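The values are calculated or read from the model by the stated rules, or taken from the named source; none is laboratory data. For clarity, every value in this text was computed on a predicted model and none was experimentally measured. FYI the Cβ positions are ideal-geometry reconstructions off the backbone, even for glycines, and counts take in every protein chain you see. In case anyone asks, the SASA skips ligands and DNA or RNA and just uses the protein heavy atoms, side chains included. Shrake-Rupley method; radii C 1.70, N 1.55, O 1.52, S 1.80 Å.
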Amino acid sequence: MSELYCSLKRPAPENKSYVSSLVNSGEHGENGSFKRQVNRFTKPFGDGKDELPVEANRYRLIWAPVCPWAHRSVIVRRLLGLEDVISLGTLDPVRPDTPTSDWAFTLDKDGVDPVLKIHRLSELYLRSDKDYTGRPTVPCLVDLKTGLIANNDYFNLTRYFETKWTKFHKPGAPDLYPEELRSQIDKLNDELFDKVNNGVYKAGFARSQEAYEDAVVNVFKMFDSLEERLSHSRYLFGNRITESDVRLYVTLARFDIAYYNAFKVNLKSLKEYKNLWAYARDLYQTKGFGDTTDFLSIKKHYHLCCVENPYKILPLGPDLSDWNTPSGRENL
């Protein structure tokens, strides 16, 4: 399991770029609402001539443990046993102090990814598209034969892992996207994205009171609905973990430590929801979830990079030790 109490001893570099880059990025509507940029590299995986080939050891997944979109791709990679065929590159949770939004490989020796030989994620994006003007984002899957980004479609990447990479799944891998549930999963995933996964960002990056309040209300309306749903079901679709559980978990894991305080999504904490909180602990204690959850990195990123924090003060709380307390969810 990840370190549960976040040590504050490592000094954080100056960083103002993420907040300022969002201000200048055009990712807001007229009413001050946050409008997330679209993905640039969206070619699907498959056997067709216009699809990305599924090959072992051809791709490298770049992630930052702080990012929920990237985190869910790493969870699915581990659950399905794709770690032996897709390598992993990890970015620093604290963004570099640059004029525009970026990520850096400062956790690696000499600050260079050992496979891609680059210092910053923007190098990869500009190498892949010299006219790229958006934010460099994770996750992105890099084709090691070309050195270029093959796919950064965070919304669909895990579904490709689940349905197109089946020949590399480990024995006994869970079916996270069962065919008989796909229409229901897709419907729920769309709602989770709009109201929860991206909903917390709509609140955190809102530029008007109206846009902020609308986002926050939608988050908690969805939480209330999920609380009821989980009162009689261990997971979102019965007694099996699916794609939807992965998507919900990554937001819940970040909720009290980041979204509640840094993004002011604070009508209730996660721990005030009996079933949602137990459900989150149940998943955290499942292999692939808790062992890929880095609370220290999450805390650093959201409080040092996502909000104005000129003195770089990290909050001491919340107490994270109770993530390991029994959930009791197996009784459902």
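Things to note:
- Selection of segment 235-263 for residues being basic (Lys, Arg) and buried (at least 22 other Cβ atoms within 10 Å of the Cβ) yields ARG247, ARG254.
- Residues that are more than 14 Å from the chain's Cα centre (by Cα) and open to solvent by less than 10 Å² (accessible area, probe 1.4 Å) within segment 190-205 comprise just one, ALA203.
- Among the residues of segment 139-177, those that are among the hydroxyl-bearing types (Ser, Thr, Tyr) and over 14 Å from VAL85 (Cβ atoms) comprise THR146, TYR154, THR158, THR163, TYR177.
- Of all residues in segment 209-224, those being within 20 Å of SER269 (Cα to Cα) and open to solvent by 30 Å² or more (accessible area, probe 1.4 Å) number 7.
- Odd one out for SER73 among (1) assigned to a helix (DSSP H, G or I); (2) closer than 19 Å to ASN197 by Cβ; (3) open to solvent by 20 Å² or more (accessible area, probe 1.4 Å): (3)
- Segment 289-319, residues that are crowded, with 19+ Cβ neighbours inside 10 Å and assigned to a loop (DSSP other than H, G, I, E, B): PHE289, THR293, ASP294, CYS305, CYS306
Let's see how each residue does on (1) of a type in the set (Val, Ile, Thr); (2) buried (at least 16 other Cβ atoms within 10 Å of the Cβ); (3) modelled with pLDDT of 80 or more; (4) part of a helix (DSSP H, G or I):
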residue	(1), (2), (3), (4)
TYR5	no, no, no, no
LYS9	no, no, no, no
ALA12	no, yes, no, no
ASN39	no, yes, yes, no
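- Flag for SER269 being under 20 Å from TRP69 (Cα atoms) and either touching a strand residue (DSSP E or B) at 6+ places or on another chain (Cβ under 8 Å) or surrounded by fewer than 18 Cβ atoms within 10 Å (Cβ to Cβ) (or both): no
Results for (1) closer than 19 Å to ASN39 by Cβ; (2) open to solvent by less than 80 Å² (accessible area, probe 1.4 Å), shown as yes or no for each residue.
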| site | (1), (2) |
| --- | --- |
| LEU124 | yes, yes |
| ARG127 | yes, no |
| GLY134 | yes, yes |
| ASP143 | yes, yes |
| ALA150 | yes, yes |
| TYR154 | yes, yes |
| THR158 | yes, yes |
| GLU162 | yes, yes |
| ARG207 | no, no |
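- Taken over segment 105-122, the residue count meeting the criterion of being touching a helix residue (DSSP H, G or I) at 6+ places or on another chain (Cβ under 7 Å) and surrounded by fewer than 23 Cβ atoms within 10 Å (Cβ to Cβ) is 3.
- Qualifying residue in segment 176-183 (condition: within 16 Å of the chain's Cα centre (by Cα), modelled with pLDDT of 95 or more and open to solvent by 10 Å² or more (accessible area, probe 1.4 Å)): no
- Count of residues meeting criterion [part of a helix (DSSP H, G or I) and within 19 Å of PHE237 (Cβ to Cβ)] in segment 162-181: 5
- Selection status of ALA56, on the phi < 0 side of the Ramachandran plot, at pLDDT below 95 and in contact with a helix residue (DSSP H, G or I) (Cβ under 7 Å, 6 or more places away or on another chain): no
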